[in-house]
Structure formats: structure tokens, C-alpha cells
2 protein chains.
Amino acid sequence: MKNIILLGSGNVATHLGIALKNSNYTITQVYSKSLENAKVLANKLDAPFTNNLTKIKSADLIIVSVNDDAILSVLSKLRNAAIVHTSGSTGLNIFKEKFSNYGVFYPLQTFNKEVNINISEIPFCIEGNSMEFEKQLIEIAKTLSNNVVKMNSEQRKQLHIAAVFACNFSNHMYSIADNFLTQADIDFKILLPLIKKTIAKLESNKPKEVQTGPAKRKDTTIIQEHIANINEKDIKELYHKISLNIIKHQTNE
Amino acid sequence: MKNIILLGSGNVATHLGIALKNSNYTITQVYSKSLENAKVLANKLDAPFTNNLTKIKSADLIIVSVNDDAILSVLSKLRNAAIVHTSGSTGLNIFKEKFSNYGVFYPLQTFNKEVNINISEIPFCIEGNSMEFEKQLIEIAKTLSNNVVKMNSEQRKQLHIAAVFACNFSNHMYSIADNFLTQADIDFKILLPLIKKTIAKLESNKPKEVQTGPAKRKDTTIIQEHIANINEKDIKELYHKISLNIIKHQTNE
């Protein structure tokens with residue numbers, strides 16, 4: 001598996017393409033529905049490009065790295081080929097009707113095109129429709145990353161929900177904090193040492209074990225005082241519900 | 001202000017005492033209601049100790065670093081002195097009746113006794129009842145930390161609520177994520193690179209600007225799919241309410 005075709009020109013396709021090229025794979029074609037975007041990425045990878053799915057050539061592997069909701073329509077225009085998608089929230093079965101060798105090649109990361117990424121630290125979650133094909137995919141992933149994990153579609157679904165809580169929802173907690181601080185004329189950066197300390201503890205502890213704060217201590221005086229001091233109804237409610245859930249969670253052993 | 005008395009022998013008192021000693025302050029007495037605990041800390045600081053509040057000597061400054069709910073009863077037994085507490089959730093006014101020079105000396109950090117802490121990076125939030133006394137407190141704080149901030153009681157109250165969201169509630173989001181992963185037989189550590197990336201973005205962006213995920217994209221298909229896949233009622237509800245709040249928050253400019 002040395003010749004790879006990339007379908008897509010977004011963040012994942014870009015970082016993956018560059019990493020594959022650096023690992024001595026040959027990108028033999030880049031597709032994007034926008035010819036301009038296909039060209040930009042193809043130039044980085046010394047590859048031919050197209051915006052026409054009926055002109056996709058043969059290769060050892062096709063990597064489909066388009067938006068989740070475009071995968072089905074892209075697949076409908078392809079011939080049988082060894083193929084993977086890079087989506088965390090799309091099952092393996094999307095390939096079932098038409099393809100013989102198929103899998104998932106999912107890098108667990110939010111990519112930004114601009115930011116340089118150390119791809120070797122990114123977990124790659126791999127699934128193949130056969131042991132043999134899965135093994136080949138794992139080999140490719142291992143040339144890119146030190147953190148390659150076999151994961152079926154059901155696990156990947158759970159992982160995606162977990163990532164929403166751990167990354168998207170925790171970031172929203174920072175946003176809410178930022179709103180309080182802005183109102184009080186305090187720079188959000190004052191919280192960074194405390195946030196980093198919280199994360200550092202996760203290297204060697206389960207999050208439940210390092211929970212701190214009024215809810216963990218069941219300090220209802222402080223909880224009620226905080227809720228009384230929050231003006232916005234939705235935020236009051238979130239404070240209340242998350243605190244109750246912490247108390248419940250810490251009590252269940 | 002060179003001679004300092006420490007009331008308390010917990011995590012804050014311990015780290016503060018050691019840091020003050022390292023900055024060439026003299027700890028002239030350590031008090032704890034437990035004589036044994038007072039002795040342990042006093043030995044580290046080459047200081048005399050007591051468990052009797054009526055035997056507190058004179059000093060340039062008394063630092064009250066006991067549990068929040070014990071502060072009032074400790075103060076009731078002291079004579080007038082230059083005094084501060086180290087509590088984020090206690091106002092300045094608690095000193096008003098009895099003391100002439102008083103303030104707050106609040107290190108924004110969760111301390112563990114065992115863990116070595118680089119105190120110079122910890123934000124110290126300082127408030128004094130007079131400009132002159134506040135200036136003296138700021139000078140002491142600056143010998144300990146590079147991150148000293150003047151902050152009144154109203155601001156500190158807001159900061160404390162913000163810290164609950166940013167640290168305690170975000171950690172609970174990690175706990176919920178860990179539950180999903182444990183059920184799917186996946187190690188929580190797989191999320192650490194993504195979590196660290198989320199934090200790294202906060203060094204140069206506001207959290208709202210770097211929000212990602214289904215709610216940010218208003219991807220209702222994924223949101224509904226996730227909610228349908230969550231078994232526990234409370235967690236379903238949290239997913240729903242936090243997602244709604246993200247959508248609302250991202251829409252309000």
C-alpha cells in the first residue's frame with residue numbers, strides 16, 4: 001500500500017496528506033469538489049488533482065476525508081476500491097453495499113489548517129472489515145503515530161460522545177467562566193494555572209478521584225450562595241444540575 | 001513586615017509557610033486546633049507552635065488559613081492585629097468589627113500537601129482595607145509569586161464562581177467522559193492529547209472563539225443521535241442543556 005488517493009481538502013485531509021507524504025507514501029491524486037482547494041492541497045503533495053469523482057484513478061487505498069454529510073454521495077460515485085473514511089461519527093457499514101476492503105482511519109483530534117501539529121502524538125482509531133485489511137491499516141497508521149488503537153464502530157460512537165463532554169463541553173465551561181470574569185473586569189488568563197493543574201492530575205489519576213470544589217465537598221452553603229449570585233437563568237440551572245450530578249457521581253461507588 | 005504568624009496547618013498554610021520561609025520571612029508561631037498538626041508544620045518552619053488561640057503572640061502579620069467555616073470562630077478569640085485570610089469565598093468585611101489593618105491574601109490554586117508546587121506561577125489575589133496596608137500585602141505576595149493581582153471582594157466572588165465552572169465543572173465533564181469510555185473498554189488517556197490541545201488554544205484565544213463540536217456547528221443530527229445513545233437520564237439532560245447553551249452563547253454576539 002504505497003499509492004494513496006485523498007478525497008477531500010479540509011483540515012484532516014491536509015494534515016493527513018502531508019504526514020503520509022513525509023512517511024514516503026505517494027499521494028497519486030487529490031479530489032475536492034472545489035478545483036481551487038484540490039489544487040492548493042495537491043501542490044503541497046506534488047500530486048495531480050481533480051474535482052470530478054468519475055475521474056478517480058486506481059490506487060492501493062482511497063482515503064475519504066470529506067464532511068460527514070457528504071460521505072454517502074461521494075461513495076455513490078466511486079467504483080470498488082480499498083477505502084477508508086476518517087470520520088469519528090460514521091459507522092463502518094456505510095461502505096458495505098459496494099466495497100470489498102473498507103475501514104475507518106480516524107485521527108482523534110481537532111485540526112486547524114494553520115496550526116502545526118505533531119501528528120505522532122495523535123491517537124489513530126482503526127477499524128477494518130477483515131483482519132487482514134485492518135492489519136494493513138494499522139501498519140500505515142503506525143508510520144504516522146505512536147498512538148494507534150483498534151476500535152470498532154460501537155466503541156468509536158462512545159468515544160465521540162465522550163470527546164464531546166471532555167473537549168466541547170469543558171471548553172464551554174471555560175466560556176461561561178470567561179463571561180463571569182469579563183463582567184468583573186478580570187482577565188481569563190488568571191484561571192490558566194488552575195486549569196493546567198487540573199489537567200496535569202489526569203496524567204496519573206481518574207478524573208473522579210481528583211474532583212474538587214463545593215459540590216464534591218457537599219458544601220451547600222457555598223452552592224446556594226453561588227446560585228443566588230448568578231443572574232442568567234440558564235447558567236443558574238447548569239450550576240445546579242452539574243453540582244447535583246457531581247454529588248450523585250461521587251456518592252455512587 | 002518580617003515576622004508572620006500562621007493560623008492553620010492545612011494545604012494552603014503549609015505551602016504558604018514554606019514559601020514565606022524561603023523568601024526570608026520568619027514564621028514566629030504556628031497554630032492549629034490539633035497540636036500534632038501544628039507541630040508537624042512548625043517543625044518544617046523552625047517555628048514555635050500552639051493549639052491555644054489565647055496564646056497567639058504579637059507579629060507584623062497574622063495569616064488565617066483555616067477552613068472557611070472556622071474563620072469566624074478563630075477571629076473571635078484574637079486581639080487586634082494586622083491580619084489577612086486566604087479564602088476565596090470569604091469577604092473582607094469579616095474582619096471589620098475588631099481589626100484595624102486587615103485584608104485578603106488569596107492564592108488561586110488547589111493545593112495538595114504532597115505535591116510540589118511552583119508557587120511563583122500561582123496568581124495571588126490581594127485586597128486590603130487601606131491603600132497603605134494593601135500595598136504592604138502586595139509587596140509580600142510579590143516576593144512569592146510573579147502573578148499578583150489586586151482584587152476586591154465582589155470580584156473575588158465572581159472569580160470563585162468562574163473557577164467552579166472552569167475547574168470543578170470541566171473536571172466533571174472529564175468524569176462523565178471517563179464513564180462512557182470505561183463502558184466501551186477504552187482508556188481515558190486516549191482523550192488527553194485532545195484535552196491538552198483544547199487548553200493550549202486558550203493561551204491566545206478566548207474560549208468562545210475556539211469552541212468546536214456538534215452544538216457549535218448546530219449539527220442537530222449528531223446531537224439527537226448522541227442523546228438517543230445515552231442511557232442515564234441525568235446525563236442525557238446535561239448533554240441537551242449544555243448543547244442548547246452553547247448554541248445560544250455562540251449566537252449572542
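The values are calculated or read from the model by the stated rules, or taken from the named source; none is laboratory data. Worth saying up front: this structure is predicted, and the values here are computed from it rather than measured. Using ideal geometry, Cβ is built from the backbone for each residue, glycine included, and neighbour counts are taken over all protein chains shown. The accessibility values were calculated without ligands, DNA or RNA, using every heavy atom of the protein model including side chains. Shrake-Rupley method; radii C 1.70, N 1.55, O 1.52, S 1.80 Å.
Data for the structure
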item	result
Some residue of the stretch A:139-147 being touching a strand residue (DSSP E or B) at 6+ places or on another chain (Cβ under 7 Å) and farther than 12 Å from residue A:107 by Cβ	yes
The listed residue being free of Cβ contacts under 8 Å to residues at least 24 places away in the same chain and of a type in the set (S, T, N, Q), out of B:37, B:67, B:93, B:80	B:80
Residue that is surrounded by 20 or more Cβ atoms within 10 Å (Cβ to Cβ), touching a His at 6+ places or on another chain (Cβ under 7 Å) and modelled with pLDDT of 95 or more, where the choices are A:71, A:83, A:62	A:71
Search result, residues across the stretch B:57-95 that are part of a loop (DSSP other than H, G, I, E, B), small (Gly, Ala, Ser) and out of contact with any Phe, Trp or Tyr (no Cβ under 8 Å at 6 or more places or on another chain)	B:58, B:59, B:65, B:89, B:91
Test set (1) touching a Lys or Arg at 6+ places or on another chain (Cβ under 9 Å); (2) among the aromatic types (Phe, Trp, Tyr); (3) closer than 14 Å to residue A:172 by Cβ - residue B:188 fails condition number	(3)
Enumeration of residues in the stretch A:155-171 that are open to solvent by 20 Å² or more (accessible area, probe 1.4 Å) and at the interface with chain B (Cβ under 7 Å from one of its Cβ atoms)	A:155, A:157, A:158
The lone exception for residue B:88 - which of (1) within 14 Å of chain A (Cβ to nearest Cβ); (2) open to solvent by 30 Å² or more (accessible area, probe 1.4 Å); (3) small (Gly, Ala, Ser) it fails	(2)
Neighbours by Cβ (under 9 Å, 6+ apart or cross-chain): first from the stretch B:233-246, more than 8 Å from every other protein chain (Cβ to nearest Cβ) and closer than 18 Å to residue A:249 by Cα; second of a type outside the set (Val, Ile, Thr) and surrounded by fewer than 20 Cβ atoms within 10 Å (Cβ to Cβ)	B:236/B:228
Breaking point among (1) at pLDDT 95 or above; (2) surrounded by fewer than 16 Cβ atoms within 10 Å (Cβ to Cβ); (3) in a loop (DSSP other than H, G, I, E, B), for residue B:98	(1)
Any hit, the stretch A:129-138, residues being closer than 25 Å to residue B:194 by Cα, open to solvent by less than 10 Å² (accessible area, probe 1.4 Å), assigned to a loop (DSSP other than H, G, I, E, B) and in contact (Cβ under 8 Å) with a residue 24 or more places away in the chain	no
Residue tally, condition assigned to a loop (DSSP other than H, G, I, E, B) and open to solvent by less than 70 Å² (accessible area, probe 1.4 Å), over the stretch B:35-56	4
Those residues of the stretch A:175-187 which are charged (D, E, K, R) and crowded, with 20+ Cβ neighbours inside 10 Å, in sequence order	A:178
Candidate set from the stretch A:211-232 (those that are outside any helix (DSSP H, G or I) and open to solvent by 30 Å² or more (accessible area, probe 1.4 Å)); member that is farthest from the other protein chains (Cβ to nearest Cβ)	A:218
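Here's the yes/no breakdown for (1) surrounded by 23 or more Cβ atoms within 10 Å (Cβ to Cβ); (2) in contact with a helix residue (DSSP H, G or I) (Cβ under 7 Å, 6 or more places away or on another chain); (3) more than 7 Å from chain A (Cβ to nearest Cβ); (4) of a type in the set (Phe, Trp, Tyr):
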residue	(1), (2), (3), (4)
B:146	no, yes, yes, no
B:173	yes, yes, no, no
B:189	no, no, yes, no
B:198	yes, yes, no, no
B:209	no, no, yes, no
